[in-house]
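Read the structure below first, then the notes.
The values are calculated or read from the model by the stated rules, or taken from the named source; none is laboratory data. Just so we're clear, the structure is a prediction, and the values are computed from it rather than from any experiment. Using ideal geometry, Cβ is built from the backbone for each residue, glycine included, and neighbour counts are taken over all protein chains shown. The accessibility values were calculated without ligands, DNA or RNA, using every heavy atom of the protein model including side chains. Shrake-Rupley method; radii C 1.70, N 1.55, O 1.52, S 1.80 Å.
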Amino acid sequence: MTAQHIETLIIGAGQAGLSTGYHLQRFDRPVLIVDGNERIGDNWRRHYDSLRLYSPAKYDGLPGMAFPAQDRWSYPGRDDVAEFLERYALRWNLPVRMSTRVDRLTPRPAGGYAAFIGDDVITCDNVVVATGTFGRTPKVPDFATELDPVIRQLHSSEYRRPEQLQPGAVLVVGASHSGTDIAYETALTHQTILCGRDCGQIPVRWDSRRIRIVLPVLIFAWRHIVTRRTPIGRKAMPHIRFHGGPMLRVKRQDLAARGVRRNTSQVSGVTGGQPVLADGTALDVRNVIWCTGFKQVFDWIEVPVFGADGWPREYRGVCNEAPGLFFCGLSFQYAFSSMIFPGVGRDAEFVARKIASRTAARTGVKEAVSSWTPTRSGRRP
């Protein structure tokens, strides 16, 4: 067994983890970022080929670095995002260790935490869990195993392109962002049925010039109005976390124009090997794509800070019940924008400030944390 100690360990080298590491370095705090993937950005490379961000490049930068794009109103694709994250880590010389998956995180009797990686251990005074908006485990209903084996089943995290599908009808389960995008794409080559509750839609066309007027207003609202501090934000939070957000790029009329059969009933079970809807409709399909999100599974974190819903009891990423334990990158960590690039940097800075202040309080060393606001370039003013 090898062991090392670091003041702050960040678990996850996505946009949330890298942004938090950036801010901690700006506060001159030692940090190490670990990730189980082989390359920075691999989580993005695993998305479906046609994925594009819902925010244009002008809003997709991370602290200290704008998103590189000739057209600031273009929407970056998945590989563009993956490359940007790699370049960001290199630009700021962030200490990232890849192929390092944390198996267990436990509290230490003397304070701080121990992260076990196979036979090795990293101890730390603070730990930031930045493993993604909805955790590591795809969510698929238990009855999926009862479907006829001839049916090709894919979770949205496994779907890449229509060529993966068998000839025959496709059932897409889940009608939030990924579900509507994927159903719209598969309808070009397969008869497609989309099932799941209607999450609503934003009527403005995402690739229209009108969005240049509307989107700044939406992003302002998502950052400053739809937050955990406002009634509207607290009402929206459980819907976003457990049911998905409104349709953005693909609209109801787009799905209808491509012949997508829409049913707002849930898939409730299996009869004769075929999926059955809650309204009793049996579907004869040869492919099922589960766009049902991810389980918020934190069973590898052996700290009792999780509610019955699987989410940590935190506010803005700070767990008061477990000093030194922080989260970044959670859905609705502070606002609707927490789950998209325009909100990640603010959440990361808040967490980093809390860590720096906590360290100053523990060591008795005065820190110029409250008086310094990082500039766009990342340099001290």
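Annotations
- Solvent-accessible area of the chain (1.4 angstrom probe, protein heavy atoms only): carbon and sulfur portion equals 52 percent.
- Acute angle (nearest 10 degrees) that the helix 231-243 long axis makes with the longest principal axis of the chain, alpha-carbon atoms: 60 degrees
- Principal-axis tilt of helix 177-186 within the chain, Cα atoms, nearest 10 degrees: 40 degrees
- J(HN,Hα) series, region 107-112, from Karplus relation 6.51 cos²θ - 1.76 cosθ + 1.60, nearest Hz, glycine and proline x: x, 9, x, 8, x, x
- Cβ-defined net charge surrounding L248, 13 Å radius [Lys, Arg +1; Asp, Glu -1]: +2
- FRET efficiency for the A110 to E38 pair, using the beta carbon distance and R₀ = 45 Å, is estimated at 0.85.
- Shape call, the chain: gyration tensor on alpha carbons, a/c limit 1.5: prolate
- A 1.4 Å probe run over the protein chains yields, for region 143-258, 49 Å² of accessible area per residue, whole-number rounding.
- Antiparallel bridges, percent of DSSP beta bridges restricted to region 104-220 (to nearest 5): 70 percent
- Cβ-based net charge around R161, under 15 Å, with every Lys or Arg adding one and every Asp or Glu removing one: 0
- Bridging of K235 to lysines at a Cα separation below 22 Å is possible for K295, once same-chain residues fewer than 8 apart are set aside.
- Protein-only accessible surface order, largest first, of H239, H190 at 1.4 Å: H239, H190
- Prolate/oblate/rounded call for region 1-144, Cα gyration tensor, a/c under 1.5 rounded: oblate
- Computed over the chain with a Gaussian network model linking Cα atoms closer than 10 Å, the most mobile of D120, D103, D142 is D142.
- Under 5 Å from the amide H of V297 lie the amide H atoms of R136, T137, each residue being 5 or more positions distant or on a separate chain, with H modelled from the backbone and absent for Pro and chain starts.
- Solvent-accessible surface (1.4 angstrom probe) belonging to Y59, in square angstrom, nearest 10: 50 Å²
- Cα gyration tensor shape of region 230-309, rounded if a/c is under 1.5, else prolate or oblate by comparing a/b with b/c: oblate
- Using a probe of 1.4 Å on the protein chains alone, the accessible area found for I232 is around 100 Å².
- Once all protein chains are placed together, C291 keeps about 10 Å² accessible to a 1.4 angstrom probe.
- For the chain, the share of DSSP beta bridges that are antiparallel, to the nearest 5, is 40%.
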